[in-house]
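Below you'll find the structure, written out as C-alpha cells, and then a few comments.
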Amino acid sequence: CFQKDILNLVYLCRHFGLPEVANYWESVVQLNSWQQHRIARTVVQKLFGTVTGKRLAIFGFSFKADTNDTREAPAIRIAKDLLEEGAQLAIHDPKVDPDQIARDLNLPASTAPDSESGPTRAALSGEGTWWPTGDIASALKGADAVLILTEWSQYQELDWTALASLMRQPAWVFDARSVVTPAEVQAAGLNLWRVGEGQP
C-alpha cells in the first residue's frame, strides 16, 4: 500500500471524527519512514561507523519485484541517506531505468569507477556518488557491502561463495527483504544482517 493511500485514509478518518484511528494510521507512515532510516544507520554502524568513500552495492531499486515502479520505494530513502554519508553506490535493478534512479535520487549518475585503480576523487572528498550496473558481479567487485532492497527472484539464487571473493573483506550482506539463505551467506564468509532478526 502506498503512503499516499494511507494518508488519504488518515484524512478520511479525521473528516469523519475518528482522531484515534487517524493517529494510528499516521503512525504507520512514520514507522515506515523510521525503518528506512534505521536500515541506513545500521549499515553505517556495521561498517565501523562510516560509509564515506566505501563502495556499496544496492540490489533492487523498485518498490517491489517484477516492476519498474519506484514510487515510494524504500530504496530511495535508504540510498539518499547513504549518499549523504558519502557512500559510493553501485545500483542494480533488472527493470528500473538509470534515468529514473537519477530523478528519484535527484543526483545524476557517475561513471562506474575502476575498482583496480583505488578510490575516486569523489570518494576521497567524501562526496556520495552512484552509478548503474547491469551486472551483479560488477556491482560487487570491490564492494564493502551489498544491500538487498527489493525481493527480485534472481537475488534469492545468488552463489554467495563465488561472489564473496569479489568483495572487500570483512564484507556484509544487508538483507532488507529476507530473501537470502543465512547459512549460504555465512558459509561464504560474509557477515549478515536481516530485517526482523534484531541486533546481536
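Screening segment 136-162 for residues that are assigned to a helix (DSSP H, G or I) and in contact with a strand residue (DSSP E or B) (Cβ under 8 Å, 6 or more places away or on another chain) and picking the one that is surrounded by the fewest Cβ atoms within 10 Å (Cβ to Cβ) gives 138.
Residue-by-condition table, conditions (1) part of a loop (DSSP other than H, G, I, E, B); (2) of a type in the set (Ser, Thr, Tyr):
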| position | (1), (2) |
| --- | --- |
| 20 | no, no |
| 31 | no, no |
| 52 | yes, yes |
| 68 | yes, no |
| 76 | no, no |
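All of (1) exposed (fewer than 14 other Cβ atoms within 10 Å of the Cβ); (2) closer than 14 Å to residue 59 by Cα hold for residue 187 with one exception: (2).
Screening residue 110 with (1) modelled with pLDDT of 95 or more; (2) in contact with a helix residue (DSSP H, G or I) (Cβ under 8 Å, 6 or more places away or on another chain) gives one miss only, at (1).
Comparison of 61, 48 shows that the only residue that is touching a strand residue (DSSP E or B) at 6+ places or on another chain (Cβ under 9 Å) and outside any helix (DSSP H, G or I) is 61.
The selection criterion, being on the phi < 0 side of the Ramachandran plot, of a type in the set (Lys, Arg) and under 27 Å from the mean Cα position of the chain (by Cα), does not hold for residue 14. Of all the listed residues (51, 21, 29), the sole one being crowded, with 19+ Cβ neighbours inside 10 Å and aliphatic (A, V, I, L, M) is 51.
Inspection of segment 109-127 finds no residue satisfying the criterion of being part of a loop (DSSP other than H, G, I, E, B), under 15 Å from the mean Cα position of the chain (by Cα) and not aromatic (Phe, Trp, Tyr).
The values are calculated or read from the model by the stated rules, or taken from the named source; none is laboratory data. Just so it is clear, the structure is predicted and the values come from calculations on it, not from any experiment. No Cβ is skipped: glycine too gets one built from the backbone with ideal geometry, and neighbour counts run over all protein chains shown.
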